[in-house]
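Here the structure comes first, spelled out in structure tokens, and everything after it is commentary.
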Amino acid sequence: MMDDLDLGFDEQDRGEKGKHRRGAVRKRKGGSGGGGGRGKTVLALLLAFVLLGTIGGGAFYGFDRVQSYFVTPDYDGAGTGEVTVEIKQGALIADMANALVTAGVVKSAKAFIEAAEGNARSKNIQPGTYKLRKQMSGENAVTAMLDPKNRIVNGVTIPEGRTAKNVYKLLSEKTKIPVKDFEAAAKDPLARGVPDWWFKRTDNKKVKPSIEGFLYPDTYEIPPKATAETIIELMVENFLSVAGEMEFADRVQKERKISPYEALIVASLAQAEAGNKDDLGKVARVAYNRVFGEFDCNCLEMDVTVNYYLESIGKPTKRSGDMTAAELDDPKNPYNRKLRGLVPTPINNPGKQAMEGAMDPPPGKWLFFVAIDKEGHSEFAETYEEHKKNEAKAKEAGII
């Protein structure tokens, strides 16, 4: 490029002392004076600037890309405007970061994650709905989510062991959504997110899919404009998440040799019968021993199944001692306590500890149990004779 650049003089045009001679012009062969030389000179200069500009721009672009690998994309400041973001139950920091990026709150998931990792209190960020701003720095987003005033509180607590009917009443009281809407939404559990493989049994009994057992007990933040369908789906999603973390399905199939649905039924029985969390696993063991062991009728003989049926047909539940013989052994009751094998569905919505008890019950040959103190602790027995002695203890303590 520099060989074509003619600046209008050469060494011969210099004086003895190296000075330029005034008016000296070097002619080129075949040229017509200085016009052609000046034209090429201008063109050469333009090409040089274009080349340098291209190289410079490429270098800048390359630097910008390399820099992005080392510098976390992030906004500055507290952001502008307002946006509502829902953080779902069980969300990890990465899940929260992705939700914030989608809502336009933070510039990158990495910005929020790094800010959360640098704030020891970030583990206190709760699921729920938050009022935030758009284009916040990661640090400001973390700080805002830790401020209670930015969290839209519309929570409802579902206790362990409540039946679906009872759950609908609690949800209706909080959300003002009619109970009938929840009942309608729950008619098709598959549509609400329960996988069809859950409704399988190893005892060849036909399964009519029911939402019972899948409305996981927990405290839920009800999103704005929630419907009966979305609330039930939120609870089912939570159940599946907890069961997945526990490896509930895999373990009961491998270790108990039964289906996850049958184990969930047992968890619900333990939740209903155990008066104390310490006894959940033992009650589950009794259920397994009665149905799959050497119990005479291979039936449950648990009064809680009768109460579940009474509630399902709109009748009041009763204490065991107040139940009539007709109620205890009603042949029309599909939850009859004398029914061979397990009942058709779970009889409530058990919590994690009851599911753990059904998944991994302690070893024992117990067939009977009875509460013996006001704290709900039970005594367990292998024989009916031992059980009668435990009943005597319960009567002496005023429990039965």
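Among THR84, THR54, which is the only one that is assigned to a helix (DSSP H, G or I) and at pLDDT below 95? Quick ask: steps written out before the conclusion?
Values: THR84 fails: assigned to a helix (DSSP H, G or I).
One residue alone meets the criteria, THR54.
Give the number of residues within the range 153-172 that are closer than 16 Å to MET235 by Cβ and open to solvent by 30 Å² or more (accessible area, probe 1.4 Å).
Number satisfying all stated conditions: 9.
Kindly check whether there is at least one residue in the range 351-370 that is open to solvent by 80 Å² or more (accessible area, probe 1.4 Å), not β-branched (Val, Ile, Thr) and not in a loop (DSSP other than H, G, I, E, B). Even if it seems obvious, please write down each step before you answer.
Going residue by residue through the range 351-370, those that are open to solvent by 80 Å² or more (accessible area, probe 1.4 Å) are 352-353, 360, 363, 365.
Those still in the list that are not β-branched (Val, Ile, Thr) too: 352-353, 360, 363, 365.
Checking the rest, the ones that are also not in a loop (DSSP other than H, G, I, E, B) come to 352-353.
Checked the range 351-370: at least one residue is open to solvent by 80 Å² or more (accessible area, probe 1.4 Å), not β-branched (Val, Ile, Thr) and not in a loop (DSSP other than H, G, I, E, B).
Suppose we keep only residues that are within 21 Å of the chain's Cα centre (by Cα) and among the β-branched types (Val, Ile, Thr) within the range 135-152. Which one would you say is least open to solvent (accessible area, probe 1.4 Å)?
VAL142
When you scan the range 323-330, do you find a residue that is outside any loop (DSSP other than H, G, I, E, B), more than 30 Å from LYS169 (Cβ to Cβ) and in contact with a His (Cβ under 8 Å, 6 or more places away or on another chain), even just one?
No, the range 323-330 has no match at all.
Are there any pairs, at least 6 apart or on different chains, whose C-beta atoms fall under 6 Å, with the first in the range 187-200 and farther than 11 Å from ILE211 by Cα and the second open to solvent by 50 Å² or more (accessible area, probe 1.4 Å) and part of a loop (DSSP other than H, G, I, E, B), and if so, which?
Between residues of the range 187-200 that are farther than 11 Å from ILE211 by Cα and residues that are open to solvent by 50 Å² or more (accessible area, probe 1.4 Å) and part of a loop (DSSP other than H, G, I, E, B), the close pairs are ASP196/LEU190.
If MET246 satisfies all but one of (1) under 15 Å from the mean Cα position of the chain (by Cα); (2) open to solvent by less than 10 Å² (accessible area, probe 1.4 Å); (3) within 14 Å of GLN353 (Cα to Cα); (4) not β-branched (Val, Ile, Thr), what's the number of the condition it fails?
Among (1) under 15 Å from the mean Cα position of the chain (by Cα); (2) open to solvent by less than 10 Å² (accessible area, probe 1.4 Å); (3) within 14 Å of GLN353 (Cα to Cα); (4) not β-branched (Val, Ile, Thr), MET246 violates only (2).
The values are calculated or read from the model by the stated rules, or taken from the named source; none is laboratory data. Worth saying up front: this structure is predicted, and the values here are computed from it rather than measured. A quick note on method: Cβ atoms are made from the backbone with ideal geometry, for glycine too, and the neighbour counts reach across all protein chains shown. When the accessible area is computed, the model is the full protein with side chains, heavy atoms only, and any ligands, DNA or RNA have been set aside. Shrake-Rupley method; radii C 1.70, N 1.55, O 1.52, S 1.80 Å.
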